[in-house]
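K.L.:
Sending over a structure as structure tokens; questions will come in a sec.
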Amino acid sequence: MDDLAGFLRTRRSRVDPAAAGIPTDRRRRVDGLRREEVAHLSGVSVDYYVRLEQGRATQPSEQVLDALGRVLDLDDTEREHLYRLARQRRRPAKAPATRIRPELLRVLDLVPDAPALIINHRLDVLATNRLAALLLGRTAPGLNTARHIFLDEAERGLYADWESCTLDVVGHLRLAAGQYPDDPRLASLIGELAMGSERFRRLWARADVRARTHGRKAYHHPLVGPLELHQENFALPDESGLELLVLSAPPGTPTADGLRLLARLATDAGTAQQPVVPRLS
């Protein structure tokens with residue numbers, strides 16, 4: 001699904017040679033740095049770096065990885081991804097979680113005034129509180145948000161910043177592919193998205209990685225209109241691959257009023273929903 005060689009190729013293609021101190025002219029036909037330039041700047045032999053990009057070199061040292069991260073101008077998320085890809089051949093990845101503890105469901109109930117949900121590394125929605133189910137739809141538990149965003153055109157209008165959402169999804173799945181390279185269900189999902197979405201194919205080819213821990217999430221709900229929410233992601237301890245997401249709005253804002261209206265409409269319609277957990281595998 002993801003590999004060190006491919007990541008190195010895409011990263012060096014984005015480095016500005018001038019910024020790296022490499023003179024350029026109009027005859028240059030390569031985007032970014034050449035392989036021999038990366039090798040020279042990193043202090044490794046050209047042959048060794050070529051073998052890295054061809055997937056023939058194994059177990060690069062921490063010093064080599066540090067140098068490559070510097071030359072390729074990687075941010076913290078990209079550096080961590082680089083190290084993870086390099087370690088794949090040294091030890092197997094920790095298996096993703098296969099169950100949700102009942103205590104986590106009680107945590108969802110403790111957040112009554114904000115949408116809260118639990119997702120896994122594949123972006124499957126595993127459990128929600130009532131407001132999250134109302135926000136995403138009554139089928140939220142069991143929903144895969146990557147499929148929802150890329151393949152369900154009828155629901156695309158829910159995401160006010162759809163293009164930004166697609167960048168987040170692909171960046172997250174790239175990280176997950178590096179962390180769980182032997183997960184067949186993740187590989188199947190990525191293949192399904194690539195077959196069904198031209199935009200996904202283009203973004204996946206860029207090999208960008210993103211670790212979204214907090215930020216703005218904008219929705220346009222069909223019942224209550226625009227919702228400008230702030231999302232916080234909490235990685236669950238000892239729950240490999242699981243995250244708790246909480247979407248909040250400052251008191252007194254139109255979005256806070258919209259959430260209260262959404263909850264009231266659902267209650268009036270008798271659609272209140274308890275947390276639901278599908279079977280994991």
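K.L.:
From the P(r) of the chain, can you give the percent of Cα pairs sitting at distances over 27 Å?
P.N.:
Of all Cα-Cα pairs in the chain, 47 percent lie more than 27 Å apart.
K.L.:
Can you give the local net charge around residue 236? Use residues other than it whose beta-carbon is closer than 10 angstrom to its beta-carbon, Lys and Arg +1, Asp and Glu -1.
P.N.:
Result for the neighbourhood of residue 236: -2.
K.L.:
A further question on this structure: Around residue 32, what is the net charge, scoring Lys/Arg as +1 and Asp/Glu as -1 over all other residues with Cβ under 11 Å from its Cβ?
P.N.:
+3
K.L.:
Report the relative contact order of the chain, percent, no decimals, based on alpha-carbon pairs under 8 angstrom and at least 6 residues apart.
P.N.:
20
K.L.:
Mind giving me the FRET efficiency for residue 151 and residue 220? R0 is 22 Å, r the Cβ-Cβ distance, nearest 0.05 is fine.
P.N.:
After rounding, the FRET efficiency stands at 0.70.
K.L.:
Across bins of 5 angstrom width beginning at 0, how are the C-alpha pair distances of region 102-268 distributed, in whole percent?
P.N.:
1, 8, 17, 22, 20, 16, 9, 5, 1, 0
K.L.:
Continuing with the same structure: Over region 173-241, with a single point scatterer placed on each C-alpha, what log10 of the ratio I(q)/I(0) does the Debye formula yield at q = 0.13, 0.19, 0.20 1/Å?
P.N.:
The calculated log intensity ratios at q = 0.13, 0.19, 0.20 Å⁻¹ are -0.58, -1.02, -1.05.
K.L.:
For the pair residue 50 and residue 187, how long in nm is the line joining their label points, each one 7 Å along Cα→Cβ?
P.N.:
With each label placed 7 Å out from Cα toward Cβ, I get 3.0 nm.
K.L.:
Now a separate question. Given +1 on the Cβ of Lys and Arg, -1 on the Cβ of Asp and Glu, and no further charges, what dipole in debye does the chain carry about its Cα centre, rounded to the nearest 20?
P.N.:
760
K.L.:
Here's another thing I want to ask about it. Under a 10 Å cutoff between Cα atoms, tell me which one of 21, 241, 196 has the largest fluctuation in the Gaussian network model of the chain.
P.N.:
21
K.L.:
Going by the alpha-carbon gyration tensor, a ≥ b ≥ c the square roots of its eigenvalues, is region 31-135 rounded (a/c under 1.5) or, if a/c is not under 1.5, prolate (a/b greater than b/c) versus oblate?
P.N.:
Note, shape of region 31-135 comes out prolate.
K.L.:
Then there's this: Please give the net charge around residue 53, taking every other residue with its beta carbon less than 12 angstrom from that of residue 53, where Lys and Arg add +1 and Asp and Glu add -1.
P.N.:
Net charge around residue 53: +4.
K.L.:
I've got another one for you. Given H placed on each backbone N at 1.01 Å, which residues far from residue 221 in sequence or on other chains put an amide H within less than 5 Å of it?
P.N.:
It is 227, by chain and number.
K.L.:
Just grab the label-to-label distance for residue 27 and residue 83, each label 7 Å out from Cα along the Cβ direction, in nm (one decimal).
P.N.:
4.2
K.L.:
Now a separate question. Using the Cα centre of region 183-233 as origin and beta-carbon charges of +1 (Lys, Arg) and -1 (Asp, Glu), tell me which of 226, 196, 184 is placed farthest towards the positive end of the dipole.
P.N.:
So the residue we want is 196.
K.L.:
A further question follows. State the extension gain, in nm to one decimal, for the chain segment bounded by residue 18 and residue 76, taking 0.36 nm per residue of separation less the distance between their alpha-carbons.
P.N.:
Gain on stretching residue 18 to residue 76: 18.6 nm.
K.L.:
With a ≥ b ≥ c the root eigenvalues of the C-alpha gyration tensor of region 4-87, is it rounded (a/c under 1.5), prolate (a/b larger than b/c) or oblate?
P.N.:
The shape class here is prolate.
K.L.:
Which is farthest toward the positive dipole end of the chain among 19, 134, 54, measuring Cα position about the Cα centre, with Cβ charges +1 (Lys, Arg) and -1 (Asp, Glu)?
P.N.:
Final value for the positive-end residue is 54.
Values in this text are rule-based calculations from the coordinates and carry no lab data. The structure displayed is predicted, hence computed values, not measured ones. Here the Cβ is made from the backbone with ideal geometry for all residues, glycine too, and neighbour counts use every protein chain on show.
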